[in-house]
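The values are calculated or read from the model by the stated rules, or taken from the named source; none is laboratory data. The structure displayed is predicted, hence computed values, not measured ones. Using ideal geometry, Cβ is built from the backbone for each residue, glycine included, and neighbour counts are taken over all protein chains shown. SASA here: full protein model, heavy atoms, side chains in, ligands and nucleic acids out. Shrake-Rupley method; radii C 1.70, N 1.55, O 1.52, S 1.80 Å.
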Amino acid sequence: MIGRLNHVAIAVPDLEAAAATYRDTLGAKVSAPQPEPDHGVTVIFVDLGNTKIELLHPLGENSPIANYLKNNPSGGMHHVCYEVDDIIAARDQLKGEGARVLGDGEPKIGAHGNPVLFLHPKDFCGTLVELEQVA
Ligand SMILES: CC[C@H](C(=O)O)C(=O)SCCNC(=O)CCNC(=O)[C@H](O)C(C)(C)COP(=O)(O)OP(=O)(O)OC[C@H]1O[C@@H](n2cnc3c(N)ncnc32)[C@H](O)[C@@H]1OP(=O)(O)O
Ligand SMILES: [Co+2]
């Protein structure tokens, strides 16, 4: 079912400062901030060539990562994103195996323009898992 690692997401209290760390201290290529109001975050991508780091900061009132930053004020690794060929087939198989799909279970379009879903961390080794359909 899962394929390549699409990205590792890091929630950060200060997006510009985090981008500067990756750009200036670590010499990486970073994108411009990309607001994603439908997901309650602003993201900046760090392109590593073989995968990406997704820097995340809350956007709006009900950001799903606000609580995480409250509990981890310096920030931290928030989720991993694996690629799948068919996100509906993956979702249905996982639900059939008792895994919890977050939200209403319907994929939303993520920051790369592809359908994404999230799986409950408690079902996957304490790690929030995002699935992204990549053709
Ligand atoms: C623009 C899209 C972009 C993309 O890649 O395309 C994105 O990735 S958007 C990313 C932001 N969106 C999401 O994260 C959506 C899915 N996340 C959620 O629905 C929530 O974050 C949720 C339900 C995982 C946690 O919400 P919250 O923290 O408010 O709930 P709790 O405090 O009750 O936590 C429950 C339980 O889970 C543990 N937890 C919470 N967050 C994480 C995490 N990131 N990794 C691992 N574990 C996590 C938390 O500690 C609680 O555990 P407990 O033992 O019960 O205390
Ligand atoms: Co993500």
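Among residues of segment 102-121 that are near ligand 1 (Cβ under 9 Å from one of its atoms), those with a Cβ under 8 angstrom from a residue that is of a type in the set (S, T, N, Q), sequence gap 6+ or separate chain, pair up as Ala111/Gln34; His112/Asn6; Asn114/Gln133; Val116/Gln133; Pro121/Thr127. Each residue in segment 76-99 was checked for being under 26 Å from Val12 (Cα atoms) and open to solvent by 40 Å² or more (accessible area, probe 1.4 Å), and 2 of them qualify. Assessment of segment 120-135 against the conditions (open to solvent by 30 Å² or more (accessible area, probe 1.4 Å), at pLDDT below 95 and closer than 22 Å to Arg4 by Cβ) yields at least one matching residue. Here Gly103 meets the list (1) touching a Phe, Trp or Tyr at 6+ places or on another chain (Cβ under 8 Å); (2) open to solvent by less than 50 Å² (accessible area, probe 1.4 Å) almost entirely, failing just condition (2).
Going through (1) in contact with a Pro (Cβ under 8 Å, 6 or more places away or on another chain); (2) open to solvent by less than 40 Å² (accessible area, probe 1.4 Å) one by one, Lys108 falls short only on (2).
Annotation for segment 8-20: at least one member residue is surrounded by fewer than 19 Cβ atoms within 10 Å (Cβ to Cβ), in contact with a Cys (Cβ under 9 Å, 6 or more places away or on another chain) and either closer than 17 Å to Glu132 by Cβ or not β-branched (Val, Ile, Thr) (or both).
Within segment 1-30, the set of residues being small (Gly, Ala, Ser), within 30 Å of Arg91 (Cα to Cα) and more than 14 Å from the chain's Cα centre (by Cα) comprises Gly3 only.
Against the test of being farther than 19 Å from Leu128 by Cα and of a type in the set (Asp, Glu), the options Asp85, Asp38 yield a single qualifying residue, Asp85. Within segment 46-75, being near ligand 1 (Cβ under 10 Å from one of its atoms), open to solvent by 20 Å² or more (accessible area, probe 1.4 Å), within 16 Å of the chain's Cα centre (by Cα) and of a type outside the set (Ser, Thr, Tyr) holds for Lys52, Pro58, Leu59, Pro64, Ala66, Asn67, Leu69.
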